[in-house]
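Working notes, structure below.
The values are calculated or read from the model by the stated rules, or taken from the named source; none is laboratory data. Every value quoted in this text rests on a predicted model; they were computed, and no experiment measured them. Neighbour counts are summed over all protein chains in view; Cβ atoms, including those assigned to glycine, are modelled from backbone coordinates with ideal geometry. Please note that ligands, DNA and RNA were not included when accessible areas were found on the heavy atoms of the full protein model with its side chains. Shrake-Rupley method; radii C 1.70, N 1.55, O 1.52, S 1.80 Å.
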Amino acid sequence: MERTGAAAIIIGNEVLTAKVKDENGPHLIQRLRELGIPLVSVETILDDVDAIVDAVARARRKARYVFTSGGIGPTHDDVTVRAVALALGRPVVRLPEMVSAIQARAGTSPVTPESLRLADAPEGAVLLAQPGMWFPVLTVGDLFLLPGVPQLFRLQLETVLSRLSGTPVHLVNLYFNLGESALAAVLDRVALDMPHVAIGSYPVFDAAMDYRVKITVEAPERSHVDDAVGRLLAGFPADALVRRE
């Protein structure tokens, strides 16, 4: 099976224990969508070597690009580098250029063994210079190890995304005053006839809303979206459409 799109792995006990609300997953979802790179999965796991190894292996089987968030610092629970190396079947090595950067940043202060952990990486890793930051982006092939701190994650993500390309999709939102049951037959027919167009149906149960179901129609080709929208609208009563966006 051809690997396409991207997969994300959010690493951190603090996320799974509700000590911290994950901001990186939602941000990554939004940015990949804007760029036109489909996201095939997002998984949140513990700071555990075996869990990370398993998650990386799963992600690499289905996605071309794999993003990890968290676990690349100098503390005891920062095990992402070691786990990714195990998942790739590579040893962990200490990068001389990172040692030099850590020493330069320390200045006249002593460099501790713990701080030097930041220089560890899976063998074959490549560092991408990060504008405005001393710490570069750590990459291994199409696997990107990003920090868990949201501000740093966002900065480093942009450095990665500037090197990737995708196919942005065209999207039309349709809002109907009918329930899903009344729309289902037409949705089924158009979706079956046009498998290259993604059609979603999302009901709401809030009486304050002016619609009952939102239908999304999206595809890389605008003409395909317009065709699908035309087929959908032709199948419903004219007064069923509340608005189109």
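Taken over the range 227-245, residues that are within 16 Å of Val186 (Cα to Cα) and surrounded by 14 or more Cβ atoms within 10 Å (Cβ to Cβ) amount to 10. Ala59 meets the conditions (1) open to solvent by less than 30 Å² (accessible area, probe 1.4 Å); (2) assigned to a loop (DSSP other than H, G, I, E, B) in every case but one. The failed one is (2).
Taking first residues from the range 180-192 that are over 12 Å from Tyr202 (Cα atoms) and partners that are open to solvent by 40 Å² or more (accessible area, probe 1.4 Å) and among the aromatic types (Phe, Trp, Tyr), no Cβ contact under 7 Å between residues at least 6 apart in sequence or on separate chains turns up. Looking across the range 1-32 at every residue that is touching a residue at least 24 places away in the same chain (Cβ under 8 Å) and of a type in the set (Lys, Arg), the one that is nearest to Phe153 (Cα to Cα) is identified as Arg31. Answer yes if at least one residue in the range 1-8 is open to solvent by 10 Å² or more (accessible area, probe 1.4 Å), among the aliphatic types (A, V, I, L, M), modelled with pLDDT under 95 and in a loop (DSSP other than H, G, I, E, B), and no otherwise. Yes - at least one qualifying residue is present in the range 1-8.
Among the residues of the range 20-43, those that are open to solvent by 60 Å² or more (accessible area, probe 1.4 Å) and of a type in the set (Val, Ile, Thr) comprise Val20, Ile29, Val40, Val42. How about the range 215-243: which of its residues are over 24 Å from Leu35 (Cα atoms), in contact with a strand residue (DSSP E or B) (Cβ under 8 Å, 6 or more places away or on another chain) and among the basic types (Lys, Arg)? The one that is over 24 Å from Leu35 (Cα atoms), in contact with a strand residue (DSSP E or B) (Cβ under 8 Å, 6 or more places away or on another chain) and among the basic types (Lys, Arg): Arg243.
Check Val204, Val190 and return the single one that is β-branched (Val, Ile, Thr) and loosely packed, with under 14 Cβ neighbours inside 10 Å.
Numbers: Val190 fails: loosely packed, with under 14 Cβ neighbours inside 10 Å.
The match here is Val204.
Residue-by-condition table, conditions (1) at pLDDT below 95; (2) closer than 21 Å to Val126 by Cα:
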site	(1), (2)
Gly25	no, no
Leu32	no, no
Leu39	no, no
Gly73	yes, yes
Val81	no, yes
Leu88	no, yes
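Entry remark, the range 102-117: residues being free of Cβ contacts under 8 Å to residues at least 12 places away in the same chain and either among the acidic types (Asp, Glu) or closer than 18 Å to Val92 by Cα (or both) number 1 in total.
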